[in-house]
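Each value in this text was obtained by applying a stated rule to the coordinates, not by laboratory testing. Keep in mind that this is a model prediction, so the values were computed, not measured. Every residue, glycine among them, receives a Cβ derived from its backbone with ideal geometry; neighbour counts consider all protein chains shown.
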Amino acid sequence: MKQHGELDGKTVLITGATDGIGRALAQMCWQAGASLILHGRNPQKLESLLSTFSEGLSGQTASTVRADYSRLQEVRAMAGQLLAEVPRIDILVNNAGLYPSKRVITEDGFEECNQVNYLAPFLLTWLLRPLLIRSAPMRIVNLSSIGHRYVWSNLHASEKHPFYWRWVAYCRSKLNIIPWTRELADQFREDGITVNCVHPGVIRTKVIRFLPVSWGASTQSGAATVFRLITDPKLDGVTGEYFERYKISKPSVVAQSTRLQAALWRHSLRQLGLKQKES
Ligand SMILES: NC(=O)c1ccc[n+]([C@@H]2O[C@H](COP(=O)([O-])OP(=O)(O)OC[C@H]3O[C@@H](n4cnc5c(N)ncnc54)[C@H](OP(=O)(O)O)[C@@H]3O)[C@@H](O)[C@H]2O)c1
């Protein structure tokens with residue numbers, strides 16, 4: 001029989017739980033007693049992941065939800081399903097992400113990397129707001145990257161620019177996560193919801209296999225960084241921060257810009273056809 005853990009009675013939604021950091025995090029949260037909602041895009045991988053969770057505490061459950069983030073209608077359907085079926089979410093980890101092999105424009109008209117890494121989690125979090133507010137106090141953690149430091153923002157570049165450099169596209173999507181996190185933190189401040197983002201370290205997963213590097217820590221090491229952010233009682237009330245591994249860190253000057261934060265928020269709402277008052 002399992003011991004009681006620090007996430008007993010909590011429900012954790014992890015996006016991109018079928019591989020890498022998300023998969024390792026799911027195992028850690030399960031060991032800590034959490035009920036899990038595991039998101040992925042691939043039904044076979046979801047099924048195989050689900051089969052690894054057995055022998056929980058009484059009341060501990062694991063379930064899956066599927067959506068390919070390169071199709072925004074699937075993100076909307078996923079949010080609809082969660083709103084209909086899930087009574088509460090104590091922790092949301094926006095972890096799903098990809099490194100692009102080439103420029104793809106999705107059926108929604110957006111550059112795929114920015115859509116999967118930024119616009120889709122933006123949309124999901126927006127649509128889940130009533131459930132998140134109802135679940136407060138709760139925490140949201142978004143996966144950013146230290147790579148955000150190497151790029152400038154260009155809100156209009158990704159679909160229109162004739163040149164495409166996949167490293168820049170990836171880093172820009174991860175830069176967007178930071179002002180978005182800060183804006184969410186501001187908007188949720190009175191609701192008992194904290195929102196932070198994290199660079200989990202350089203972790204050996206398929207996201208970094210493209211890089212000419214031979215180093216990289218284990219997925220457990222990356223997951224431990226996120227696990228601390230979602231569980232450490234010392235972080236109660238800490239919100240709007242960017243963590244590099246375990247430490248609060250100043251993000252790049254661009255990422256700290258309040259003008260960018262406001263412009264990006266308006267631009268993203270417009271791109272997704274959302275209105276501020278919509279809930
Ligand atoms: N690895 C690093 O060094 C590093 C550093 C900084 C930040 N990060 C961030 O950490 C997060 C996790 O990455 P990872 O390194 O663990 O990579 P990973 O092993 O490739 O895991 C990525 C997860 O996202 C899912 N995903 C990819 N494309 C998707 C789509 N179109 N729709 C829905 N889900 C999709 C993957 O699904 P499949 O299993 O079907 O592929 C997988 O579950 C990412 O946001 C990444 O940017 C990673």
**Study point:** Residues satisfying the stated conditions in region 109-135, i.e. in contact (Cβ under 8 Å) with a residue 60 or more places away in the chain and among the hydrophobic types (A, V, I, L, M, F, W, C)
**Key:** F110, C113, L119, F122, L123, L124, W126, L132, I133
**Study point:** Some residue of region 195-202 being in a strand (DSSP E or B), at negative phi, in contact with an Asp or Glu (Cβ under 7 Å, 6 or more places away or on another chain) and buried (at least 20 other Cβ atoms within 10 Å of the Cβ)
**Key:** yes
Exercise for review: Within region 232-265, track down each residue that is over 23 Å from V202 (Cβ atoms), buried (at least 18 other Cβ atoms within 10 Å of the Cβ) and of a type in the set (S, T, Y).
Suggested key: T239
Review point. Do we find that A185 is under 27 Å from L155 (Cα atoms), under 17 Å from the mean Cα position of the chain (by Cα), touching a residue at least 12 places away in the same chain (Cβ under 8 Å) and part of a helix (DSSP H, G or I) in this structure?
Key: yes
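The rows are residues; the columns are (1) of a type outside the set (A, V, I, L, M); (2) part of a helix (DSSP H, G or I); (3) more than 8 Å from the ligand (Cβ to nearest atom).
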site: V75; (1), (2), (3): no, yes, yes
site: L92; (1), (2), (3): no, no, yes
site: G97; (1), (2), (3): yes, no, no
site: E107; (1), (2), (3): yes, no, yes
site: L119; (1), (2), (3): no, yes, yes
Point to revise | Residue check, W152 away from the ligand (no atom under 16 Å from the Cβ), aromatic (F, W, Y) and either crowded, with 21+ Cβ neighbours inside 10 Å or not in a loop (DSSP other than H, G, I, E, B) (or both) | key: no
Review point. In region 39-57, what count of residues is obtained for those that are among the small types (G, A, S) and part of a loop (DSSP other than H, G, I, E, B)?
Key: 3
**Study point:** region 152-174, residues that are free of Cβ contacts under 8 Å to residues at least 60 places away in the same chain and out of contact with any His (no Cβ under 9 Å at 6 or more places or on another chain)
**Key:** A157, S158, E159, K160, H161, P162, F163, W165, W167, V168
Study note, to complete from the structure: Flagged pairs (Cβ under 6 angstrom, 6 or more apart or on separate chains; first in region 218-241, assigned to a loop (DSSP other than H, G, I, E, B); second crowded, with 19+ Cβ neighbours inside 10 Å and among the basic types (K, R)) are G240/R182
Check your understanding: In region 58-73, what residues are part of a loop (DSSP other than H, G, I, E, B), in contact (Cβ under 8 Å) with a residue 12 or more places away in the chain, more than 9 Å from the ligand (Cβ to nearest atom) and of a type in the set (S, T, N, Q)?
Key -> Q60, T61
